[in-house]
Amino acid sequence: MKKKNLPGILVCLAIAVPSWYLGKLFPLIGGAVIAILAGMVITMFWADKGAAESGIKFTSKIILQAAVVLLGFGLNLNVILMTGKQSLPIILCTIATSLLIAFTLHKALHIPSNISTLVGVGSSICGGSAIAATAPVIDADDDEVAQAISVIFFFNVLAAILFPILGRVIGFDTTSGEAFGIFAGTAVNDTSSVTAAAATWDSMWGLGSQTLDKAVTVKLTRTLAIIPITLALALIRTRRNTAQSSDGEKIKLGKVFPFFILYFVAASIITTIAVNSGVPADVFQPFKELSKFFIVMAMAAIGLNSNIVKLIKTGGKPLLLGACCWGGITAVSLVLQRVMGIW
């Protein structure tokens, strides 16, 4: 890390620390959203970043990539796949639905490619974490990341509030948390809102933590999709960038392939092997927490680099895209659960 980056990193850290603690107090909103909103507000009064500019850019790119690598230490691949078998067909179908809707609306409404990809991936996999993992791979700019995070956050809040009501109206079993847990785990975007919706269902019907346990397990299984999707996007981008340049020279693979995705996969494999060998899973908890904090720092940097007026003016189509992805995922999850006899 270069010394010139330090002022900007410290600014992002100063925003991230209170945002992190506020996120703990208000988990439905989360530290990442608080940080990005704080950055957007601050940058309205601080247009010329001066010496802090390079460090802010470093945080929004490199620190974000480091957060993704550390995120890998939270994935024990064997345990998640074993416990998520029941929900796997629903997860695959909801992910495919969201990505298909995102691609279709990208073409039909001429929504920018990066926005469509980020909203589609964020809706189908795990909200902010998926956006954080995907953004550097497709070289999305900070305005695009901020737009996608805002869209996902809006539908997260709606899901956490409305889904327990919807579950009661359509007749989910109130003596068990299985059906609603699978529904929350497959149809709600971000982990914070998954846990909020599941905990609400538990408390509504006195189920202890039945629904929460099921929903979190399903959500973790869904998170695994980050690996193949980001790898596929990385290969597509690399292939595109290594095509003949204007001067006829080939671009070197090492300059365009996002190798941090491979480090993320390696971290997941290390965790899996270690836990299967008897290492307590708690050993990796600090890495997971540091990953979440780095994401909050990166979101602060992205907020500082975002134009809130531009986001509001261009927000209509991304919001419509998010609504369509969210509606499609919800419908597919409910239909498949009905077909499979879960409710």
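Every number in this text was worked out from the coordinates using simple rules, so none of it is lab data. Model, not experiment: these values are computed from the prediction. In this analysis, Cβ positions are derived from the backbone assuming ideal geometry, glycine residues included, and neighbour counts consider all displayed protein chains.
Here are a few things to note about the model shown:
- Between the C-alpha center of segment 106-167 and that of segment 306-343 there is a gap of 9 Å.
- ³J(HN,Hα), Karplus 6.51/-1.76/1.60, whole Hz, each residue of segment 202-211, x for Gly, Pro: 4, 6, 4, 10, x, 9, x, 10, 4, 5
- For the residues 265, 119, 169, a GNM of the chain with alpha-carbon springs under 10 Å puts the largest fluctuation on 169.
- Note on residue 310: lysines with a C-alpha under 27 Å away, same-chain residues under 8 apart excluded, are 49, 57, 61, 107.
- Magnitude of the charge dipole, the chain, Cβ model with Lys/Arg +1 and Asp/Glu -1, debye to 20: 600 debye
- Using θ = phi - 60° and Karplus 6.51 cos²θ - 1.76 cosθ + 1.60, couplings along segment 186-191 (whole Hz; Gly, Pro as x): 9, 10, 9, 6, 9, 4
- Across the options 140, 298, 175, the greatest Cα extent toward the positive end of the charge dipole of the chain (unit charges at beta carbon of Lys, Arg, Asp, Glu) belongs to 140.
- Student exercise, segment 99-237 dipole from Lys, Arg, Asp, Glu Cβ charges, in Debye to nearest 20: 300 debye
- Just checking the listed ones, 148, 67, 14: in the Gaussian network model of the chain with Cα springs under 10 Å, the one fluctuating most is 14.
- Mean ellipticity per residue at 222 nm, deg cm²/dmol - from DSSP H runs of n ≥ 4 across the chain, formula -39500 (n - 2.57): -24000 deg cm²/dmol
- Per the Cα gyration tensor, the chain maps to an equivalent ellipsoid with semi-axes of 32, 22, 22 Å, ordered largest to smallest.
- Farthest towards the positive end of the charge dipole of segment 1-137, among the residues 23, 62, 121, is the Cα of 62, using unit charges on the Cβ of Lys, Arg, Asp and Glu.
- Cα→Cβ-extended label distance, 7 Å offset, between residue 236 and residue 78, nm: 3.4 nm
- Global geometry of segment 107-165, whether rounded, prolate or oblate, following the gyration tensor of its Cα atoms and the 1.5 cut on a/c: prolate
- Dipole check for segment 135-206: with +1 at the C-beta of Lys and Arg, -1 at the C-beta of Asp and Glu, and the Cα centre as origin, the magnitude is about 520 Debye.
- Paramagnetic reach from residue 266 in segment 192-226 [backbone N under 20 Å; point 7 Å along Cα→Cβ]: 226
- For a straight C-alpha distance cut-off of 20 angstrom, the lysines reachable from residue 24 (same-chain residues fewer than eight places away being disregarded) are 219, 288, 292.
- Difference of contour (0.36 nm per residue) and Cα-Cα distance, residue 259 to residue 26: 80.4 nm
- Neighbourhood net charge (11 Å Cβ-Cβ; Lys/Arg +1, Asp/Glu -1) for residue 343: -1
- In the chain, Cα pairs under 8 Å separated by at least six residues give a relative contact order of 34 percent.
- Between 100, 224, 88, the Cα set farthest toward the positive side of the dipole of the chain (charges on each charged residue's Cβ, about the Cα centre) is that of 100.
- Gain upon complete extension [residue 170, residue 110; 0.36 nm per residue less C-alpha separation]: 18.0 nm
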